[in-house]
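Notes to accompany the following structure.
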Amino acid sequence: MLIDFKVTPKEFLTLSKEICGYSQTAHPKIERLHDKFKIMFGITAERCAEIFTRIELLPSLPKKLDLQPIYMLWALHFMRAYPKLEVLCATIKVGCHKVVMKYVWACINRLALLAYDEVRDLNESS
């Protein structure tokens, strides 16, 4: 299935550099960046882009909160590592924990809605 990505896997890899321990100007080997992405977020950049695109297409989402790709990375890292809030903020380099949790939980809620839609679609097709 061909997907028209809202944000490409390459863009997710670029956004992830700093969280993965690289500076934004660093040019690590692409294989190493892919490996670190999967370690930090639990999925590949390609799957991350696909999920982000599908979340954006959910019809039942309020438009109050504009979901940015970086928030998806924050949420994935939070779910993968489940660090203390101070550690999460230090890792993603954001000082205000309230802002972080606002967007992390908004993204997690959207992931849950996507999972619900996936199960409902499977049940309706059988």
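Every number in this text was worked out from the coordinates using simple rules, so none of it is lab data. The shown structure was predicted, so the numbers you read here are calculated from the model rather than taken from an experiment. Please note: Cβ atoms are built from the backbone with ideal geometry, for glycine as well, and neighbour counts cover all protein chains shown.
Ranked by the mean number of other Cβ atoms within 10 Å of their residues, highest first, the peptides 68-78, 41-51, 86-96 come out as 68-78, 41-51, 86-96. For region 2-42, trypsin sites (Lys or Arg not before Pro) are listed when DSSP marks them as loop and at most 10 other Cβ atoms sit within 10 Å of their Cβ; the list is Lys29.
With θ taken as phi - 60° and the Karplus curve 6.51 cos²θ - 1.76 cosθ + 1.60 applied, the whole-hertz 3J(HN,Hα) list for region 101-116 is 5, 4, 7, 4, 5, 4, 5, 4, 4, 5, 4, 5, 4, 5, 4, 4 Hz, x standing for glycine and proline.
For Lys6, the amide hydrogen comes within under 5 Å of the amide hydrogens of Thr53, counting only partners 5 or more places away or on other chains and with H modelled in the peptide plane. The phi torsions of region 10-17, fed into the Karplus equation with coefficients 6.51, -1.76 and 1.60 and a -60° offset, translate into couplings of 4, 5, 5, 4, 4, 4, 7, 3 Hz, rounded to whole numbers, with Gly and Pro shown as x. Listed values for region 50-57 are Karplus-derived 3J(HN,Hα) couplings in whole Hz (6.51 cos²θ - 1.76 cosθ + 1.60, θ = phi - 60°), namely 5, 5, 4, 4, 5, 5, 5, 8, and x replaces Gly and Pro.
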